[in-house]
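Everything on this sheet refers to the single structure shown next.
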Amino acid sequence: TSQVNVGGLVASTLDLQSGGTPVRQSFGGHGTGSVINQGSIHAASGGYVAMLGNTVDNEGVVSAKLGTVALASGSAVTLTFSGDRLLQVQVDTSTLRSLASNHGLVAADGGTVVMTAGAKDSLLASSVNSTGVISAQSVADHNGTIVLSAAGAAGSVTLGGTVDASSATAKAGSITATGHSVEISSGARIEATGETGGGSIRIGGGWEGGEGVAQAASVKVASSATIDASATGRGNGGEIVVRSDVNDPQSTASVHGTLLATGGPEGGDGGRIETSGHWLDVAGAVVRTGATAGRAGEWLLDPFNVTIASTGTSVSGGTYTPGADSTISASSIASALDAGSSVTITTGTSGGSIGDIQVNSAIAKTSGNSDVTLTLQAADSVIVNQPISNTGGTGKLNVNLYADNDNGVHDGVGVVILNNSISTGGGAINFGTGSTMTVNGAANTLVGGDVYVGGTSAVDLTTAGGAVAINGQLIIANTGGLSVDTTATSGSAGNVTFAGTIDSGDTYALISSFGNVTWTAALADAKSGVGAAVGDTYLATITSRLENAVASYDAQYAQSWLGAARVFNIGTDNQWRWVAGPEGLQNNGNGLAFFTQNGCLTGDCSAGGYSGSGSFNSGTAINGAYTNWNPGTPEPNNYGGTNLSQSGSGEWALQFVGTQGQWNDLNPSSHFL
């Protein structure tokens with residue numbers, strides 16, 4: 001029944017180290033005792049409570065409205081302050097097993113709750129456990145933040161009870177739980193619901209492994225657990241990530257509970273949910289990203305990637321469809337071909353990646369008298385970085401490279417990136433199957449056979465009599481060129497078919513910044529020369545679907561700026577123009593116009609305006625120009641603006657976003673990190 005009422009409190013079994021400053025205080029030494037609260041500890045509004053020791057346990061109540069509550073377990077801890085506010089808690093060293101636990105109530109509404117155990121480089125077990133209530137609900141315009149972290153190679157986070165970063169009047173806050181293993185136990189409720197929008201919940205990693213969130217090796221969500229980031233009034237659903245490291249062959253993700261990121265019942269779109277792992281089990285999971293008064297959201301179960309390398313899983317012929325991100329040995333493929341077995345490698349529509357196939361080690365058929373076929377069929381792109389060849393035996397080698405092909409289903413995105421040579425000894429080479437779909441309003445567009453020739457050395461297609469068919473556009477960006485030779489040692493040469501245009505093209509590179517980069521800064525930093533000569537550099541301009549696919553792949557699908565904007569005060573404020581490179585030199589330096597925008601998100605900008613629900617025709621391509629606007633919001637929408645003039649504009653610069661290289665308008669003052 002005891003109470004402590006303070007402005008701020010540090011309770012520690014560790015020594016206060018010398019050399020500290022008012023801004024940073026370090027605690028360490030050889031203390032092995034525990035810090036246990038069984039009463040009530042209340043800090044003043046904006047204050048803090050920090051419990052530091054090798055074992056930290058709350059069995060009572062700890063609160064610091066608009067402030068910080070920290071339970072930190074380790075043998076050395078650093079606290080960082082700003083005035084009378086606690087800003088950061090870091091466990092520096094762990095020399096014993098570390099445990100931070102909560103069986104009561106920890107509350108920092110409008111502030112931050114941190115429970116952390118173990119140091120990053122520790123090999124000792126560290127644990128963060130909560131069976132009680134952790135609350136950081138939003139207060140007015142102050143969102144709550146909850147961070148639960150067990151560091152080290154044996155760190156574990158186990159959550160039962162309730163973890164709540166919700167808001168009854170505003171957008172919800174954020175919850176992050178990371179460790180080597182993370183478990184959401186039976187009956188647990190992890191909530192970041194909000195009246196005007198759902199929050200962010202990260203369990204075991206960030207979206208698609210990014211956002212700077214450490215990835216778990218094991219994640220479990222019990223069947224009776226609930227993770228909820230829904231909007232409860234008028235607003236969009238939030239984001240939920242439950243993932244383990246898809247690049248770790250030992251990682252697992254078992255997701256059996258209920259995951260919700262629904263739009264508000266009074267208006268708003270559904271949110272996004274990702275469940276990923278090298279081994280992923282979602283049997284029995286209930287996943288909802290719908291919206292009763294808006295657009296449905298997304299459940300991300302991305303297709304797996306396949307890398308063909310010098311070592312990896314062996315295949316023995318037939319069709320190989322991965323059950324996880326996979327590395328396949330090139331020698332096992334070659335052995336199967338030598339033995340007279342055709343090999344098909346495919347990627348599908350479930351897993352934790354985009355569905356690329358990369359040839360990173362040479363595949364060489366060296367013997368055998370049977371004709372065989374190597375088929376690489378990717379849900380997204382096929383990237384040939386090392387040669388594919390037939391160097392021995394009388395049997396022919398046929399090579400099929402099929403991009404954008406998930407068992408015959410196409411989305412118009414993937415391409416073949418050819419950075420090395422192919423020789424078949426009489427066999428045919430086929431890029432794509434000749435499938436068509438309507439893309440960007442153009443019916444009967446060939447998909448899956450577009451080829452971008454890159455690399456640094458000349459690329460050769462040599463068939464010794466076999467046919468070559470490129471069922472799409474061909475762009476040659478290799479200064480060494482592309483050579484196609486179907487001459488036969490005896491008999492007639494094979495036919496060569498180019499079903500689309502043949503063009504020269506640019507090469508692309510992602511320049512990743514370590515600071516804030518606005519669109520204006522990126523445009524200036526990227527420029528070398530005027531953009532008209534070979535070797536000039538400039539912020540990427542995209543005028544075809546193949547260019548878009550290659551550029552987004554080379555950017556590794558990262559959020560990144562493109563060289564387009566709406567140029568104001570020339571009489572066409574609603575027109576998007578390419579303003580970099582050769583296209584930027586056109587129209588007296590105003591840039592090549594490619595799209596006319598109709599409306600904006602906030603306000604009825606024109607007859608086709610969009611006011612926050614329903615849909616609108618966001619504009620029209622000029623003279624059939626290529627565009628790839630994200631249709632989900634829809635884009636472009638001039639979010640935050642009232643009209644399309646300079647004075648009413650909110651968003652008017654162009655960026656890549658998402659794994660399909662889609663476009664989004666954004667305020668040019670926005671920063672990418």
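Rounding to the nearest 20 debye, state how big the charge dipole of the stretch 329-459 is about its Cα centre with +1 on each Lys and Arg Cβ and -1 on each Asp and Glu Cβ.
On the way: 2 positive and 8 negative charges, 71 e Å.
Result for the stretch 329-459 is approximately 340 debye, rounded to the nearest 20.
Taking 18 Å as the straight-line reach from the Cα of K171, the aspartates and glutamates in range (excluding those fewer than 8 positions away in the same chain) are D109, D141, E191, E195, D228, E239, E266, D269.
Look at the dipole of the chain built from charges on Cβ: of F431, N405, A107, the Cα furthest out on the positive end belongs to A107. Think of a 1.4 Å ball rolled over the protein heavy atoms: the chain then has 39 Å² of accessible area per residue. For the stretch 442-520, the square roots a ≥ b ≥ c of the C-alpha gyration tensor eigenvalues yield an a/c of 1.5 or more together with a/b not exceeding b/c, which makes the shape oblate. Can you tell me the relative contact order of the stretch 220-293? Whole percent, Cα pairs under 8 Å, sequence separation 6 or more. For the stretch 220-293, the relative contact order is 37 percent.
In terms of its alpha-carbon gyration tensor, the stretch 64-126 comes out oblate; a/c meets the 1.5 threshold, while b/c is at least as large as a/b.
Counting only protein heavy atoms and a probe of 1.4 Å, the accessible surface of the chain is 48% carbon and sulfur. With a cut-off of 13 Å between beta carbons, the residues surrounding V384 carry a summed charge of -2, where Lys and Arg count +1 and Asp and Glu -1. Here the dipole of the chain is about 500 debye; that uses its Cα centre as origin and unit charges on the Cβ of Lys and Arg (positive) and Asp and Glu (negative). Partner lysines whose Cα lies under 18 Å from the Cα of K365, excluding those fewer than 8 positions away in the same chain, are identified as K396.
Farthest towards the positive end of the charge dipole of the stretch 342-451, among the residues I354, N419, T445, is the Cα of N419, using unit charges on the Cβ of Lys, Arg, Asp and Glu.
Rounded to the nearest whole Hz, the Karplus-based 3J(HN,Hα) values (6.51 cos²θ - 1.76 cosθ + 1.60, θ = phi - 60°) of the stretch 66-74 follow the sequence 6, x, 9, 10, 10, 10, 10, 10, x, with x at glycine and proline. Put one equal scatterer on each alpha carbon of the stretch 1-157, apply the Debye formula with no solvent term, and list log10 I(q)/I(0) at q = 0.14, 0.15 1/Å to two decimals. Calculated log10 I(q)/I(0) at the listed q: -0.60, -0.70.
Within the stretch 380-501, DSSP assigns beta bridges of which about 15% are antiparallel (rounded to the nearest 5). The charge dipole of the stretch 117-236, taken about the Cα centre with unit charges on the Cβ atoms of Lys, Arg (+1) and Asp, Glu (-1), comes to about 80 debye, rounded to the nearest 20.
If you wrap a convex hull around the alpha carbons of the stretch 372-504, what volume per residue comes out, as a whole number of Å³?
Value for the stretch 372-504: 100 Å³ per residue.
Only one item in [x] 1.83; [y] 1.09; [z] 1.14 matches Cα Rg over 2.2 N^0.38 Å derived from the coordinates shown, and that item is [y]. Given the options G589, T116, A192, identify the residue whose Cα lies farthest towards the positive end of the charge dipole of the chain (+1 on Cβ of Lys, Arg; -1 on Cβ of Asp, Glu). Result: T116, furthest along the dipole toward the positive end. Only aspartates and glutamates eight or more places from K527 in sequence, or on another chain, were considered; those with a Cα closer than 15 Å are D506, D536, E583.
Over the chain, what is the relative contact order in percent, taking alpha-carbon pairs closer than 8 angstrom and at least six residues apart? It comes to 5 percent, rounded to a whole number.
The values are calculated or read from the model by the stated rules, or taken from the named source; none is laboratory data. Being a predicted model, the structure only gives us computed values, none of them experimental. Cβ atoms come from the backbone with ideal geometry, glycine included; neighbour counts cover every protein chain shown. Surface accessibility is based on the protein's heavy atoms, side chains included, excluding ligands, DNA and RNA. Shrake-Rupley method; radii C 1.70, N 1.55, O 1.52, S 1.80 Å.
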